[in-house]
1. What pairs come up if the first residue lies in the stretch A:235-250 and is more than 8 Å from chain B (Cβ to nearest Cβ) and closer than 15 Å to A:ALA206 by Cα, the second is among the small types (Gly, Ala, Ser) and in a helix (DSSP H, G or I), and their beta carbons are under 6 Å apart, counting only those six or more places apart or on different chains?
2. Quick check, is B:SER198 within 21 Å of B:ILE52 (Cβ to Cβ), open to solvent by 20 Å² or more (accessible area, probe 1.4 Å) and not acidic (Asp, Glu)?
3. Name the residue, out of A:ILE102, A:ILE124, that is under 30 Å from B:ILE166 (Cα atoms) and at pLDDT 95 or above.
4. Examine the stretch A:14-32 for a residue that is assigned to a helix (DSSP H, G or I) and touching a Lys or Arg at 6+ places or on another chain (Cβ under 6 Å), and state whether such a residue exists.
5. Would you pick out the residues in the stretch C:228-245 that are surrounded by 21 or more Cβ atoms within 10 Å (Cβ to Cβ) and within 17 Å of D:HIS51 (Cα to Cα)?
6. Hey, any hits in the stretch A:48-68 for a residue that's within 13 Å of chain D (Cβ to nearest Cβ) and farther than 18 Å from A:ALA206 by Cα?
7. Report, by residue number, each residue of the stretch B:34-54 that is assigned to a helix (DSSP H, G or I) and open to solvent by less than 10 Å² (accessible area, probe 1.4 Å).
8. Of all residues being β-branched (Val, Ile, Thr) and under 21 Å from A:GLU105 (Cβ atoms) in the stretch A:9-33, which is most open to solvent (accessible area, probe 1.4 Å)? Just the residue, please.
4 protein chains.
Amino acid sequence: MCTSDHGNHPIAVDLADTATASVAPSPEIVEDLIAANHILFDQGVVDAFGHISVRHDGRPDRFLLARNMAPSRVAAEDIVEFTLDGEAVNAAGRKVYLERFIHAEIFRKRPDVMAVVHSHSHSIVPLSVVKGTRLKAMFHMAGFVGQGAPVFEIREAGGDATDLLISSNHLGRALAEHFDGHDIVLMRGHGSTVVGGSIKQAVYRAVYAELNARYQLQAMQLGEVTYLTEGESRACVASIEAQVHRPWEMWLEQARARRR
Amino acid sequence: MCTSDHGNHPIAVDLADTATASVAPSPEIVEDLIAANHILFDQGVVDAFGHISVRHDGRPDRFLLARNMAPSRVAAEDIVEFTLDGEAVNAAGRKVYLERFIHAEIFRKRPDVMAVVHSHSHSIVPLSVVKGTRLKAMFHMAGFVGQGAPVFEIREAGGDATDLLISSNHLGRALAEHFDGHDIVLMRGHGSTVVGGSIKQAVYRAVYAELNARYQLQAMQLGEVTYLTEGESRACVASIEAQVHRPWEMWLEQARARRR
Amino acid sequence: MCTSDHGNHPIAVDLADTATASVAPSPEIVEDLIAANHILFDQGVVDAFGHISVRHDGRPDRFLLARNMAPSRVAAEDIVEFTLDGEAVNAAGRKVYLERFIHAEIFRKRPDVMAVVHSHSHSIVPLSVVKGTRLKAMFHMAGFVGQGAPVFEIREAGGDATDLLISSNHLGRALAEHFDGHDIVLMRGHGSTVVGGSIKQAVYRAVYAELNARYQLQAMQLGEVTYLTEGESRACVASIEAQVHRPWEMWLEQARARRR
Amino acid sequence: MCTSDHGNHPIAVDLADTATASVAPSPEIVEDLIAANHILFDQGVVDAFGHISVRHDGRPDRFLLARNMAPSRVAAEDIVEFTLDGEAVNAAGRKVYLERFIHAEIFRKRPDVMAVVHSHSHSIVPLSVVKGTRLKAMFHMAGFVGQGAPVFEIREAGGDATDLLISSNHLGRALAEHFDGHDIVLMRGHGSTVVGGSIKQAVYRAVYAELNARYQLQAMQLGEVTYLTEGESRACVASIEAQVHRPWEMWLEQARARRR
């Protein structure tokens, strides 16, 4: 067991810009990223904590993430560009999230991933701490959960006295390794991280992962559960996730109405 | 076990109109159908997914269903007419729900049914996956649930690698067969479908089926449960469902206030 | 076992006025009764069903109750006066609640009772159907629940094929007998009825009975529970229920804001 | 066992002012205290009951607390100053909370404490009554809960027929003793009290103590739980509670929007 990464960190970080921006992201993904922050709050996936990132659509070795703040309040001027080392490109004095390494290391490991949501939603946290239990796909909307989401135990990479936060490239890499063949990873005593091929898909998955966890908590108390087969999981992802625009449009409309 | 119906389907479907409309439905049922879409969302029965249909009041071999969209946003121009084969009459290029076969085959099998609600409400899903457990009427508002709602296991008709969706006449018929003597059927890992003699009754039942499931989940954790007798279930349906206009009017008022 | 009271009843009743009003109730209790209807809805105690009554402050052998309608919509013109036989005094063609006998027979049996709430709140219903389980006071706000609320089993007075509704003086009396030494009675598969010395106290008790049930459901799943002693229950009622105006004023303000 | 403190008390108290105010608190802490009252209501920690106090920033032997009222309605003119004996300084006829002794005795015992929240939040109450169960830190946001929050059993100091309220200096001291090495104490059948080094920190802790309890209730039903180690708890407090301004600012914005 390694103990090099524990200790206390300020989770809002002053970070000097160490790279330069060369090309602007498209206005569309910035707009979607802002909306996603609001939607994740409205849908109860994040509270004042949690974050969503998107890979830069002009530079696949960069990603965009809000500055350190509550997602529900994010606006265009709060978006910061980062390198895959988690270095800020244009923070310009704005404090950034300590846990940007979650996003950096997943984008590095998984070129197919375009968006990453990290959250502590209400039913995910309890499932993450019960020994021998794994989140498994139990309804058609959550086929992406698959046959058992890995649980990241930070003690293996960071020792048993960390603040549980992914506060370094080392810890980010240890987490990212769990995404080999999985699109969601639970983090013991902390929450989960979920990835998608677009902002809309990642947001969809974060919402329905929480519902799958909620339903699983209830069903497990009553008896043996019939989970989706591997074939069912795959078929559900293929057909239902082609529809992620349907909830997105509804959530977007709600998010706008609430902020009017 | 048959495997002919699994595989992945786009769940929003482009469908050429293959029949022609001959008579317009009454404005009243169209208005009620729109309101029902909003109410089911407001009451938490559907989210961006789920749908409600009504039998055409001028042509019992036709039914009305929204185009593929979130129920909370349905308006008059979104209503499409279908045949009992699930063929669109006047889609005119609008995408339709893949699962229209649920409605088509139930309307075909059950001439007494005037409205069908398909949803994935929060307490129904967990009950649908616990082996050996059935939804049973446990309070007077849900007598229609009866002595044990059947659970539709799609693997029997579609094999073990489907997307769980009712994506064909074949699967629709397999589901509809479970409505022999039952007004609600759970669908394993998916949700439920409930029928009524009117839009108001079907909406009422969808709301109270969810409550019955919620209460049953809680009661089963504490000990042995006293369910309604068959006589009690029948008496409850007869007297309480004569009152479905009472919640309907309240829900309608709320739905209108929220959309003002 | 008597079977004379089962069978199906219309639960909205056309009732000819068989007595005459002699004195008007004070405007204050009418105003409080209307507010109580709204508050019980806002606080989740009633949905479109459930009702609250108050004893007529000019004639103790009469009581006031809304006409058959959703409590959230009650206004001054909806209040009807009844005799302790459940006969309408001034319905004047307005449909009345089938279950007015709950109120009539409790007001007859308990001269100290000034207000009665009948509801089907979310945690009360599951507790009412678990064999061998009773609602017991487990926190200081619900001392009035006491050492175990009786459960009314309608099968004893009405047979095993009723609609569970208190649809006659006979059933009302059978229920009222359970209020001997108790201020709340659960009704199996139906809900509860709670009484108070004022509208404010009855509303307070209906809200906190639901919370006690909710907490009890959760605690019983974890292990043995320490309930209030009889002495604690009594002391809590004496000191805390002297404060029922505090939540009332807050709820009233909320109810008015929502209806503005 | 002492029985001198039980019996019934009016929980809204008329209290003659017995000391004089010498220096005004800063407008900032008064403003924060008002906001904290609103936020605790909005976030579901308090209903019409519960209270928050702050130590006077000009006189550490005094503290500020609202007069007896629902927290959601507190305004500047409702703030009263008290001595560490729980005597009112400037009530000027306004009724005060019976339970001011909670605050007085904790401020006396713990000079490091600047704010105290007493509440009956929904998941804390059930955990407080299950024999052999203690609230333990199970996720990173609630490190302050530590390795097992003490449960205050009022029967030890007040006998078995109290109203469970902290209605005297004697009971306040008995409660305050449990804060030796702990920042949260559960109160059997009543709720909890949590302390912080600032209003923002105490509010943060009250919100996340409730979430920890909620998650713990769910996790304990499924199997053995991995709680935070002592080292993890400490590290979480150090890094995450440096961020309490982030949720505070969001909650404040919500509180203001709701009261506009």
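1. Filtered contacts from the stretch A:235-250: A:VAL237/A:GLY143.
2. Answer is yes for this residue.
3. Working: A:ILE102 fails: under 30 Å from B:ILE166 (Cα atoms).
The unique qualifying residue is A:ILE124.
4. The answer is no; no qualifying residue exists.
5. C:ILE240, C:VAL244
6. Yes, there is a match, as at least one residue in the stretch A:48-68 is within 13 Å of chain D (Cβ to nearest Cβ) and farther than 18 Å from A:ALA206 by Cα.
7. Those that are assigned to a helix (DSSP H, G or I) and open to solvent by less than 10 Å² (accessible area, probe 1.4 Å): B:ALA36, B:ASN37, B:ILE39, B:LEU40.
8. Going residue by residue through the stretch A:9-33, those that are β-branched (Val, Ile, Thr) are A:11, A:13, A:18, A:20, A:23, A:29-30.
Filter again for under 21 Å from A:GLU105 (Cβ atoms), leaving A:11, A:13, A:18, A:29.
On the way: A:ILE11: 15, A:VAL13: 23, A:THR18: 88, A:ILE29: 30 Å².
The extreme case among them is A:THR18.
The values are calculated or read from the model by the stated rules, or taken from the named source; none is laboratory data. All of these numbers come straight from a predicted model, not from anything done at the bench. FYI the Cβ positions are ideal-geometry reconstructions off the backbone, even for glycines, and counts take in every protein chain you see. Surface accessibility is based on the protein's heavy atoms, side chains included, excluding ligands, DNA and RNA. Shrake-Rupley method; radii C 1.70, N 1.55, O 1.52, S 1.80 Å.
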